[in-house]
Amino acid sequence: MNLLDTNKVQELENFIFKRMGNSGIVGLSIAVIKDDKIIYKNGFGFRDFHKGTSATFKTIYCIGSVTKTFTALAIMKLHEKGLLNINDPVENYIPFKIKVMGEPVLIKHLLTHSSGFSLLGYAQVTLGAVTGTYEKWYPIASPKDLLMFMSGADEWTLAKPGEVHAYLNEGYILLGSIIEKVSGMPYSDYIKENILKPLYMDKSTFREEDIMNEIDIAIPYINAENGEKVATRYPYGQMIADGGLMSNAEDMTKYIRMLLSGGTLNNKKIVEPSTIKEIMDTKIKIPEDPIDGESFRYYGYGLRIKSNFYGHKLVQHSGSVYGSSAYINMIPEKNFGLVILANGGYFLQDIGEYAAALFLDTDPFENPYFKRGEILDSLTGTYWTFRNTSNYKIIRSGGILQLQSSYGQRTFSTPLIPEDIEGEVKTFKVYGIDATTPIKFMEKDGIMVMIYETTLAKRT
């Protein structure tokens with residue numbers, strides 16, 4: 001498929017517009033790359049809702065955890081040069097003395113989020129403090145403070161290092177400290193001099209002062225419960241190696257083109273092709289079992305991998321800083337990639353995978369994510385009994401439907417566990433303490449009907 005095809009572009013843009021409306025995304029920028037060229041770029045919505053200014057291809061956002069791909073690339077560049085070894089213990093480089101089940105954590109364990117630690121929550125606390133959305137507070141201003149925060153974390157472990165993938169933002173802050181120790185440069189300077197400048201990513205930075213006078217910069221927003229768009233701020237500071245890079249779609253296309261080209265762009269070599277291959281190779285399985293039993297998830301070095309995306313390997317990563325979100329994906333064998341940036345909302349992966357499916361000339365709704373989501377959405381709504389004497393509400397929460405009913409002043413909410421949702425009759429079960437109850441949905445004479453226990457209800 002050529003994304004310049006008018007019908008495909010319209011399909012993608014309609015999907016984006018609908019998704020933005022459903023999830024509260026204020027503004028969004030997107031660019032798609034094929035064979036080292038940008039074949040589609042656009043901006044949607046507002047970069048500044050209160051001023052009424054539009055998002056563009058060049059609008060700057062914080063890319064959140066997509067920053068981890070830069071940190072991983074920097075570590076591998078230092079490894080490539082022999083200045084560190086990813087098989088070394090972390091404590092060889094920084095004062096990190098915590099053992100996990102008696103074993104040292106190696107650099108490669110931090111790269112793959114397989115240190116053995118459980119979620120520790122530093123990012124949730126600090127981002128919550130920045131945006132005013134979290135009650136808990138810890139004064140974590142620097143990697144040194146983080147090491148104090150992590151004291152006692154040896155009692156919060158899941159497995160020995162290298163055995164289990166468990167996402168750990170703290171690990172990438174530690175990797176940033178290792179980069180500083182080995183290179184003798186501040187982390188932000190090392191990334192700038194060794195990645196950003198050679199790729200001419202001139203609008204990408206970690207420093208507020210570098211972009212404070214930029215006009216085309218997105219205001220980060222969080223969505224209040226009443227739907228209000230509340231402006232917040234970006235997490236500038238020292239804790240940046242896990243998610244602090246500011247960039248735009250134009251710059252990120254250069255970065256993706258370099259990754260797809262084996263580490264070189266416009267005769268500027270960032271790393272060797274073998275290093276790019278190493279970064280994108282599967283290292284550890286992510287504990288997410290696909291419903292279709294086919295597309296397993298893995299983690300490489302700073303990148304997530306889907307093993308079977310319409311028969312291809314999909315390399316991707318997402319990020320969010322409570323007000324700004326980012327997503328990149330690549331299909332290396334097709335020399336295809338894309339970037340999506342947004343302010344407000346959170347989850348951009350579905351838009352990215354939808355666009356990638358269109359590029360592959362496949363029906364996005366053959367993907368279980370879209371197929372099941374469409375089915376579940378088709379069942380939501382309010383169902384009324386005879387003469388509207390009572391009602392049930394069916395709402396979607398992620399991959400599960402919830403049945404809400406009222407009795408007097410009390411409201412009950414029950415998850416519906418899918419049994420068969422692909423036939424003409426969609427069947428679920430409601431689990432009680434010692435029994436299950438079937439619930440069925442079917443269409444009769446153009447009206448969706450629900451049968452629950454001994455009750456028939458119709459959606460209006």
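Annotations
- For THR59, nonlocal amide neighbours, meaning residues 5 or more places apart or on other chains whose placed amide H falls under 5 Å from its own, are ALA249.
- FRET efficiency, ASP361 to GLU272 (Cβ-Cβ, R0 51 Å, nearest 0.05): 0.95
- Between MET148 and ASP189, the simple spin-label model (points 7 angstrom out along Cα→Cβ) gives 2.5 nm.
- Taking segment 344-368 and a reference point 7 angstrom along Cα→Cβ of PHE296, the backbone N atoms nearer than 20 Å belong to 368.
- Remark on ILE39: its backbone amide H falls under 5 Å from those of VAL32, ILE33, LYS34, a criterion applied only to residues 5 or more positions apart or on other chains, H modelled at 1.01 Å from N.
- Applying the Karplus relation 6.51 cos²θ - 1.76 cosθ + 1.60 with θ = phi - 60° to segment 388-393 yields 3J(HN,Hα) values of 6, 6, 7, 8, 10, 10 Hz, where x marks Gly and Pro.
- Model label sites at MET442 and GLN409, defined 7 Å from Cα along the beta-carbon direction, differ in position by 4.1 nm.
- For the chain, alpha-carbon Rg relative to the globular expectation (2.2 N^0.38 Å, N residues): 1.05
- Phi angles across segment 153-163 convert, under the Karplus curve 6.51 cos²θ - 1.76 cosθ + 1.60 with θ = phi - 60°, into 3J(HN,Hα) values of 5, 5, 8, 10, 10, 10, 6, 5, x, x, 9 Hz, Gly and Pro given as x.
- Amide H contacts under 5 Å for GLY27, placed H, 5+ residues apart: PHE46, ASN343
- Residue separation of LEU456 and ILE215 scaled by 0.36 nm, minus their Cα-Cα distance, works out to 81.0 nm of gained length.
- Residue pairs, from the table LYS144/LYS254; LYS37/LYS108; LYS306/LYS426; LYS99/LYS181; LYS8/LYS51, whose Cα atoms sit over 26 Å apart: LYS144/LYS254; LYS37/LYS108; LYS306/LYS426; LYS8/LYS51
- Using R0 = 56 Å, the C-beta based FRET efficiency linking ASP36 and THR389 works out to 0.30.
- Among residues other than ARG257 with Cβ under 14 Å from its Cβ, the summed charge is +3 (Lys and Arg +1, Asp and Glu -1).
Laboratory data are not the source of any read-out in this text; all were calculated from the coordinates shown. Everything quoted here is computed from the prediction, not taken from an experiment. In this analysis, Cβ positions are derived from the backbone assuming ideal geometry, glycine residues included, and neighbour counts consider all displayed protein chains.
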